[in-house]
Amino acid sequence: MLVSYKWLQDYVDLSGITPEELADKITNSGIEVEHIVYPGEGLKGIVVGKVESCEQHPEAEKLHLCQVDLGAESVQIVCGAPNVAAGQKVPVATVGARIANNVKIKRAKLRGEISNGMICSLDELGFDHNYVPKEYADGIYVFDDEVPVGADALPYLNLDDAILDLDILVNSAHCMNMIGVAYEVGAILDRPIKLKKPEVIESDQPASEKISISVDAGDKVSYYGARVLNSIKVAPSPRWMQLRLINAGVRPISNVVDVSNYVMLEYGQPLHTFDFDQFGSDHVLVRFAGDHEEITTLDGQLRKLTDEDLLITNGKKGVAVAGVMGGENTEVSRATENVLLEAAIFDPISIRKTAARLQLRSDASSRYEKGLDRNRVALAADRAAELLVRYAHATVLKGIVEVGERTVDEHQITMPWQKINQVLGADFTCEQIVGILRRLNFIVDVEDETMHVSVPARRFDVTIPEDLVEEVGRIYGYNHIPATLPEGTSSHASLTPYQKIRRRVEGLMNSMGLTQAYTYSLTSKENASFYVVNNQGVEPTQVVWPMSEEHAALRQSIVPQLINVAQYHLNRQMPDIKFYEIGKVFLPVKGEARPAEEEHLAGIITGKRTERNWEGESDAVDFFSVKGIVESLLDSLAVGDQIVYAPSKREGMHPGQTADILFKGEVIGYLGTLHPKVEKDYGLSETFVFELAIESLLHHGEADIKYHGLPRFPSTTRDIALVVKRTVAAADLDRVIRENGTPLLKSVRLFDVYEGSHVAPDEKSMAFSLVYFDPERTLTDEEVTIVHEKIVRACAEQLGAELRG
Amino acid sequence: MLKEKLLELREQALANISSANGLKALQEAQIRFLGKKGPITEVMKSMGKLSAEERPVVGQLANEVRKLIAARIEEKKADLEAKLLEMKLEHEKIDVTLPGRKIATGSPHLLASIIQEVEDLFIGLGFSIEEGPEVEQDYYNFEALNLPKDHPARDMQDSFYITDELLMRTHTSPVQAHTLEKHKGVGPVKVICPGKVYRRDNDDATHSHQFMQIEGLYVDHHVRLSDLKGILTVFAKHMFGADREIRLRPSFFPFTEPSVEMDISCFRCGGHGCNVCKGTGWIEILGAGMVHPNVLRMSGFDPSEYTGFAFGMGPERIAMLKYGIEDIRHFYTNDIRFLRQFNRA
């Protein structure tokens, strides 16, 4: 909402308050003034001149030689405007003046003739061409007669104004009009506001003889009123009105159109004018449109309507889309003589839906949508009639023909006045509270502890006691309310076990050299289906109207996103990267639209293990690097010994270098090498990834720590080298050793794997270090040997292992 | 005679020891003079021939010579060892300015650091951390927050819908409603709710279709707007410096009444006006307000008994302001050169 500082002074005394101060006060009371525009900024030396004579330039067909009276002197000015004529009063940029775009006016010679200045068009004075009235669009501006010659022209063009741009939110719709802003500013400044009741001079003939109204639209039209105005002379509206409209961002058209726009800006009530001679009947019927009913609106567009749209008709066909836009068939033109003026209250939601569907948001529809003063509708009709009598010579027929109540009762709020202090934490007296509410022109009665507040209809946003708390708080100013700390029960808080463990996981990942990434949850459908831990091949959950194919589906895995991160770095000559991410994946649930959400941990590593340094180049990371990361993590979280790694085949992964990660027999993740085809597609070198359903694994937090006393007796270590077929997995040997070593065997560590000339081609040797220990005594050699031999036997029987000689 | 011999041996031995240029030579001298077949042993053995008067005198001298030689050998040995060690150390000298073998660590994401800092502050103030689903029911995302289906502040086009009733949550506020419901009408409720949210925006320098929010909620008997102001003052000073001031400006959110925006005094210029605060001296940080009675009621709390405050902030915005980050997309591009800079954040 563009608010003219000058116009506002019609209603509130702003003396002593600069536009900047006013803007600050409005902002601090709840409506943000986004910026202030000074339309005359930079202009200098523009005066009112009178064209005394105007002759053809002897050398140039399109130029005129004008003698212009500037008050103090009379000068010759060469003017190219087609509409210049003797007798006009015009804005003149004198020699030395500055016009728009900081252009300086100098004495000039045009085709041999001296020009002492320039007669200005509105564009040259900085007006936005889109708002310049048609009659001045292609030439100079011409004042009407009241302007004193020689005077500074800027005030007469409202170029001394300041325009405050108010950001109107849902709750400040009452400030979408000048009167509403006046009430607001009056309350903020604690100054009275001046409003004049419109005075309409009516003829004796009742309007009801010319028109009747019926409404058939349920509760969607709470009031429909119309006035009939005859013998109108359509002409440009007066200068003051044109300039106010321009400063409010509305292009002046003609007196009839301008008046309805002006009253909308002033009262907030949208009005519509029909050319009554084109109306086609003496009856207004407001109804829902039929399905597929069509109407051509003022902008020349054919609009297809639905049975949810409110339509103004003449009983047969549509003449306006209610609250949104008029019909072309009844548009007011230069030839219009008789006008039907509509002032109505339409349902905001209905208007919003229609405007949204037709993609036709107008000044009128946005006011209906956000709400307007229910009790100002007939006053607005009167105000328009008053102005049309004065500026369009209208004859106003007697009375408003109407359906519905002109006004409704004011809303009542009853509450203990102390509640305002309780909610704000303030210490107002009853008088202070009542005083602030009265500044807002609310009617307040206090009965002991209870306050009865009557809220004017223009403040439809104020309906409950909390709204009054806000009114008092914002007008008084939150800066004056103290800062306190809550007095309520002090409570202890801590992270949940899972939140704690998640922080540990982040720390462990960082300490293992992985940097944390945050990628998008929405990705392409293809990416969202790739690298899923469980239930591969399930269609991902998708959004209804994606903004792009890139962000159309909910990820089921984080790995594809991390592959993109790796590719990003590779493309920028950063080939050695280690990243991880913790975030939700979205797993479709059969028969339900809503996916299950699960937090996963995923990682990606590629390139060198460490940076090249003076000791030389380090090896590249490999499968065992990524496995080591996962193992270290799970060991640190005390679940490592419950995890099993099993070879697996997964789409997009290397078929021989991928392992499922199992916990209690359930697949909770995977790790391995990307399939060389994927690496090639993304231009990656060998790349290793993992993903873990960390939330389901660790949602209980970590197991309790169980303390064991330090050993009092020594342990015995024995190494064992076993030759097995290559197909035997390390994990199988490990398992058999452990199963047969209880209870004395305390740890098993694989320390050598050998394949080569010293064993058969289809065999390999694996060497383990076994530690035996009894907490109660020192073990004898014989005891250890018994267990050790049992282990060797079991390995031989179960896995065909032979002791290596 | 023996006495002279001993004295002579002493001189020979001492000369030998002092001229020994290595441990080996020293060891040879030791064997030569103190060995079982050495000359002093010989002297001791032949003492039987001496008279009773001479025997103790020579015996004492022999012992003294033996001790002296042994002591000198030990001294010389220590001396030689020290020299050897010195040589060894000299030999082992390295360029200590060469870089060490670093264990490369990764960096936490800046957003995670910011969120953690906020979480820790509020845990200290007695708030727990609540998280909620990112795919949310329309009811919790809007209706339970006083945004009925036809509310003008609600726009289908601003949200990623999955079905008519399901969408990617557009704010973390639905966690408020979930948490209140869980408490079944009994306070206090004190929670911080961080998480990802989604809006139908085109990604550019200042917009992101996915971003983070942190929501705060405190509902109890007698919670006041002044308490909100107090808590937010603590927050502002913690995050932006001890000399920050805050101001509350009236604003509008459907789920709070009254609603406010919180500004902090500019941490760059201290409030005199600069390009960070666009000359105003104040920077907008977050939105807040007193929980709307409809929200309390819908989630099972009696607004005549309970009041509360809520606030919501954007970690990206906080980070961008704090570090002068110019493009919100950096947070999701994950360029290592960006992320590493905030290792200590």
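Every number here is computed from the coordinates shown, using simple stated rules; none is lab data. Here the structure is a predicted model, which means the values were calculated and not measured. Backbone-built Cβ (ideal geometry, glycine too); neighbour counts: all protein chains shown.
Taking label points 7 Å from Cα along the Cα-to-Cβ direction, B:ILE94 and A:TYR568 give a separation of 3.9 nm. In sequence order, the range B:243-258 has phi-based couplings of 9, 6, 10, 10, 9, 10, 10, x, 8, 9, 9, x, 9, 10, 7, x Hz under the Karplus curve 6.51 cos²θ - 1.76 cosθ + 1.60, θ = phi - 60°, and Gly or Pro positions carry x. Taking 0.36 nm per residue of sequence separation and removing the Cα-Cα distance, the A:LYS109/A:GLU487 pair yields an extension gain of 128.0 nm. Where does the charge balance sit around B:PRO133 when Lys and Arg score +1, Asp and Glu -1, over other residues with C-beta under 12 Å from its C-beta? Net of charged neighbours comes to -3. The distance between label points at B:VAL276 and A:GLU611 comes to 3.0 nm (points 7 Å beyond Cα on the Cα→Cβ vector).
Mean partner shielding of peptide B:101-113, defined as the number of other chain Cβ atoms within 10 Å of each residue Cβ, is 6. Modelled this way, with points 7 Å down the Cα-to-C-beta line, the labels at B:ASN202 and A:GLU782 are 8.8 nm from one another. Within the range A:18-86, list the GluC sites (Glu not before Pro) lying in a DSSP loop whose Cβ has at most 13 other Cβ atoms in a 10 Å radius. Loop-located and lightly packed - A:GLU41, A:GLU59, A:GLU61, A:GLU73.
A Förster distance of 22 Å, applied to the separation of the beta-carbon atoms of A:GLU755 and A:ALA646, puts the FRET efficiency at 0.50. Coupling constants for the range A:328-342 follow from the phi torsions by the Karplus curve (6.51 cos²θ - 1.76 cosθ + 1.60, θ = phi - 60°), and in residue order they are 5, 5, 10, 5, 6, 10, 4, 8, 5, 10, 10, 10, 9, 9, 9 Hz; glycine and proline get x.
Temperature 37 °C, viscosity 0.692 mPa s: under these conditions the Stokes-Einstein estimate for the range A:202-404, based on its Kirkwood radius over C-alpha pairs, is 197 µm² per second. At q = 0.10, 0.13 Å⁻¹, what log₁₀ I(q)/I(0) does the range B:160-290 have when each alpha carbon counts as one equal point scatterer in the Debye sum? Here log10 of I(q) over I(0) equals -0.41, -0.69. Each peptide in B:332-342, A:111-121 receives the mean, over its residues, of other Cβ atoms within 10 Å, and ordering these scores from highest gives A:111-121, B:332-342. Across peptide B:215-226, the mean count of Cβ atoms from other chains lying within 10 Å of each residue's own Cβ comes to 5. Label the range A:397-473 by shape, choosing from rounded, prolate and oblate, from the square roots a ≥ b ≥ c of the eigenvalues of the Cα gyration tensor; if a/c is under 1.5 it is rounded, and otherwise prolate applies when a/b is larger than b/c, oblate when it is not. Prolate. Extension gain, A:LYS196 to A:ALA729, is 182.3 nm, computed as 0.36 nm per intervening residue step minus the present C-alpha separation. Counted by Cβ distance under 13 Å from B:GLY59, the other residues give a net charge of +3, where Lys and Arg count +1 and Asp and Glu count -1. Contact order, relative form, for the range A:716-803: 43 percent (alpha carbon pairs under 8 Å, 6 or more residues apart, mean separation divided by residue count). What the Cα convex hull of the range A:217-309 gives, in volume per residue, is 140 Å³. Under 5 Å between amide hydrogens, built in the peptide plane, is the criterion, and for A:LEU779 it picks out A:ASP774 among residues at least 5 positions away or on other chains.
Pairs of Cα atoms nearer than 8 Å and 6+ residues apart set the relative contact order; for chain B it is 15 percent.
Going by a ≥ b ≥ c, the root eigenvalues of the Cα gyration tensor, does the range A:625-743 fall in the rounded group (a/c under 1.5), the prolate group (a/b larger than b/c) or the oblate group? It comes out oblate by the Cα gyration axes. I'd like the distance between the alpha-carbon centres of the range A:329-356 and the range A:597-633, rounded to an integer number of Å. Each part's Cα centre sits 70 Å from the other's. Cα centroid separation, the range A:238-303 to the range B:172-242: 45 Å. Applying a DSSP loop filter and a limit of 16 other Cβ atoms within 10 Å to the trypsin sites (Lys or Arg not before Pro) in the range B:86-131 leaves B:LYS93, B:ARG101, B:LYS102. Rounded to the nearest 10 degrees, the angle from helix B:225-240 to the longest Cα principal axis of chain B is 40 degrees. In the protein assembly as shown, the DSSP-assigned H stretches of four residues or longer account for a calculated mean residue ellipticity at 222 nm of -9000 deg cm²/dmol, using -39500 (n - 2.57) per stretch and the full residue count as denominator. If you model the protein assembly as shown as an ellipsoid using its alpha carbon gyration tensor, with each semi-axis the square root of five times an eigenvalue, the axes come out at 88, 39, 32 Å, biggest first. Normalised by residue count, the range B:111-342 yields a Cα convex hull volume of 126 Å³ per residue. Kirkwood Rh over alpha-carbon pairs of the range B:58-158, then Stokes-Einstein at 20 °C and 1.002 mPa s: what D in µm² s⁻¹, rounded to an integer? D, rounded to a whole number, is 92 µm²/s. The trypsin sites (Lys or Arg not before Pro) of the range B:176-248 meeting both criteria, a DSSP state outside H, G, I, E and B (loop) and at most 12 other C-beta atoms within 10 angstrom of the site's C-beta, are B:LYS184. For chain A, the relative contact order works out to 8 percent when only alpha carbon pairs closer than 8 Å and six or more residues apart are counted.
Each of A:GLU599, A:GLU266, B:GLU284 was scored by other Cβ atoms within 10 Å of its Cβ. Arranged with the fewest first, they read B:GLU284, A:GLU599, A:GLU266. Only one residue of A:ALA85, A:ILE119, A:TYR156 has its Cα farthest out toward the positive end of the dipole of the range A:44-157, where Lys and Arg carry +1 and Asp and Glu -1 on Cβ, and that residue is A:ILE119. For the range A:32-61 and the range A:106-177, what is the separation of their Cα centres, given in Å? So the two Cα centres are separated by 7 Å.
Computed extension length for A:SER696-A:GLU405: 98.5 nm, one decimal, from 0.36 nm per residue of separation with the Cα-Cα distance subtracted.
Diffusion coefficient (Stokes-Einstein, Kirkwood radius over C-alpha pairs, 25 °C, 0.890 mPa s) for the range A:506-569: 192 µm²/s, rounded to a whole number.
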